[in-house]
1. For B:A263, list long-range residues whose amide hydrogen, built 1.01 Å from N in the peptide plane, is under 5 Å from its own amide hydrogen.
2. Hey, in the GNM for chain A with a 10 angstrom Cα cutoff, which one of A:V191, A:V314, A:V92 fluctuates hardest?
3. So if the hydrodynamic radius of the protein assembly as shown is defined as the Kirkwood radius over C-alpha pairs, what does Stokes-Einstein give as its diffusion coefficient at 10 °C and 1.306 mPa s, in µm² per second?
4. What relative contact order, as a whole-number percentage, does chain A give when Cα pairs under 8 Å and 6 or more residues apart are counted?
5. With +1 on each Lys and Arg Cβ and -1 on each Asp and Glu Cβ, and nothing else charged, work out how big the dipole of the stretch B:1-64 is about its Cα centre, in Debye to the nearest 20.
6. Taking N as the number of residues in the stretch A:161-211, what is its alpha-carbon radius of gyration divided by 2.2 N^0.38 Å?
7. Tell me, what is the FRET efficiency for B:I241 and A:Y385 to the nearest 0.05, using R0 = 35 angstrom and their Cβ-Cβ distance as r?
8. Given 4 °C and 1.567 mPa s, how large is the Stokes-Einstein diffusion coefficient of chain A in µm²/s, with Rh as the Kirkwood radius over Cα pairs?
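Values in this text are rule-based calculations from the coordinates and carry no lab data. The shown structure was predicted, so the numbers you read here are calculated from the model rather than taken from an experiment. Don't worry about glycine lacking a Cβ; one is built from the backbone with ideal geometry, like all the others, and counts go over all protein chains shown.
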Amino acid sequence: MTSTIFCSGNTAAALAFRHAGVEVLALYPITPSTAAAEALALDVRDGLLDAEIIPVEGENSAMTACMGASLAGVRTATITSSQGLLYMAQQVFAAAGMRLPVVILDSTRAISAPLNVNGDHGDAMAMRAAGCIQLFARTAEELYDLTLIAFPLAETVRLPVMVCYDGFSISHTMTRVAVLSEDDARQFVGVYRPADALLALDAPRTFGPVCGPHFYTEARYSQRLALASSLAIFAELGDAYAARSGRAIRTLDAYQTVGADDIVVLLGSTAGTMRGVIDRLRETGRAVGMLSLACYRPFPEAEVREALQGAARVIVLDRSDDMGAPQGPLCTDVRSALYALPAKRPHVTGFIYGLGGRELLPDEAMKIFSLDDDPTLSGSESATYLQVRR
Amino acid sequence: MRTFAFRFHARGNHGMVTSAEIFARQVDATGVYASMTPHFGAAKAGEPITVDVRISANPIMEVHPIIAPDMIIVSDQTLLALPEVRAGLSEETVVLLNSRMLPSYLAREYGLAHVAALDATGIALAAVGRPYPNIALLGALVRLTQNGIVPKAGFPLEVARAVHEHFGGGSRLLATSNLRAFEQGYDRVQRSDTAAAPSAPRVPHSVSRARASELSFGASLARLSEAFVPTTGAWSTAQPIVDMDKCEHCLFCWPLCPDKAIAVSAEGKLTGIDHDACKGCGICAAVCPPKFSAITMKEKLE
């Protein structure tokens, strides 16, 4: 059973934290995620959430505080953006290596310089190798869903989960959001029972020890296996969540892809705008579709390959650049997944768009389905900037 | 109902995000769908901001800025000078303006087809005692949606209740005075309809600015008014005027200007004000020694 509220993504995120019963939050507010941190502070003040908020002096400390709390055996989370996530980076890798189930919300925002507080995926993509499970919400409602799922996912796989939601187009946009009751949500999330806790005095352990060449490779390998195993657990949790909310949560959403000649692949809120574009093109008889990924790390390689294999052309939209690489990060992954096809691989074209809050307009989105009409867009094997004034 | 797109143009601190939020929330409460997206950067008081509100019978999926608004709500008439405010206006668009002028005059003056006007600042000053035009404009907006845009009987009353509730956390006086501003906005808005076709740029991503090939490396700046940085000139309600006969070039103003808007020659002489970079804070006039009084602040005309 769900009830609806009219709220921003930040409010939906804070509500999911409350519904999940987070016990320790280490927060250093940063635009565009600030309102979520504020809402949680009010929840704690008003007795709606029984959590300890640690107001830290920076994001590096936010993550170390989360790691300490997580090691002590409580449900732990933080919220950040952009520079904050980068400042936190060192500890995000460490939390993943120590296999700590910290939930990190990232309201995705461009990285300085030049300084920009608006949305793109530069911050999240800089963390894609950290070893976290990385989820991308398409709407505020899905942000609520994914954040609730993030806790049992993190605690089962024993890895940090980063839930990414677009700055402003999700964080600040108010829409109708259907949420679970707190009891229902709490039942879904379950009680966190850490397998090994620092404060288990009868069986104390050392976490993050020094580890030479004789074990480091094995530690990394087991981390890779854990990350890979999370896809199946995410699918199970998605089904369990659907039973309560009536909303299916899958690793990827294929929209009009069956029999499509051209399929666009993307992450995040642009899926909303793109859906309208697909509908319009379908009305004119164009066989076009869209694949949007809720789970980016681990990359659902087999599912992506299956969804795209029948297409003649795949167009990948990256909302960040992987400087110096042939393509943006998502395009690199998609190409790599398709390379395993034995024959007749779809042709892949990659575009960089939406940087620093430059939201994709429907006309611009239309263009990517008519590549042959525009010499500045067609013919390139490396990433092409879609909206740039050259 | 079809989808309606409302674009709010305001300055930071006018309270227009609050108005847009109350409006969208109450539209959503009628059962149809609404979405509200504020667009602002590192917003400061006086900075032009935009808020998009969409309402529709179906769930709203698109997240891009509104390109062709059915209505724009402008909380400061001087904002109409900005190309992004006029962007996408058509002969169908209704323009709701905070202005003391008659709508027929405003329609002629700005070349607009459908103008609704209201002295929202005047109403706010009288009712609330503060120059926030947001709630009176909300009243006017709700009135303008009564011709079938929000097809729900009793909608104005529900928004009025929401206004009262929103300010109820402050004080009973704040709640009742804002309710009065809302009611007066609803009652006093005047409308003029002609068949003019407004000349409007179709500006997708703000105003056309420098190309990548024209940027200095690292997007570094020599002057704040360089093409790729948003100019602050449109923020100001007053601008400094230098009387060059009185200026003794002491340059007290120069280091204190937060926007590097004081132009100084290589010889160390003040040569003028860069009005594109000035946001009208008045610091220069305040620090100009009284014995010279070379810089005075002049209110911008409506």
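1. Answer set, sorted by chain and number: B:T271, B:G272, B:I273, B:D274.
2. Among A:V191, A:V314, A:V92, the largest GNM mean-square fluctuation belongs to A:V191.
3. Details: Rh = 27.3 Å.
It diffuses with D of about 58 µm²/s by this estimate.
4. Values: 832 pairs, mean separation 62.2, N = 390.
In percent, rounded to a whole number, it is 16.
5. Values: 6 positive and 5 negative charges, 24 e Å.
Dipole of the stretch B:1-64, to the nearest 20 debye: 120 debye.
6. Working: Rg = 18.8 Å, N = 51, 2.2 N^0.38 = 9.8 Å.
Rg over 2.2 N^0.38 Å, computed on Cα atoms: 1.92.
7. On the way: r = 44 Å, r/R0 = 1.25.
That pair, B:I241 with A:Y385, gives E of 0.20.
8. On the way: Rh = 21.3 Å.
The Stokes-Einstein estimate is 61 µm²/s.
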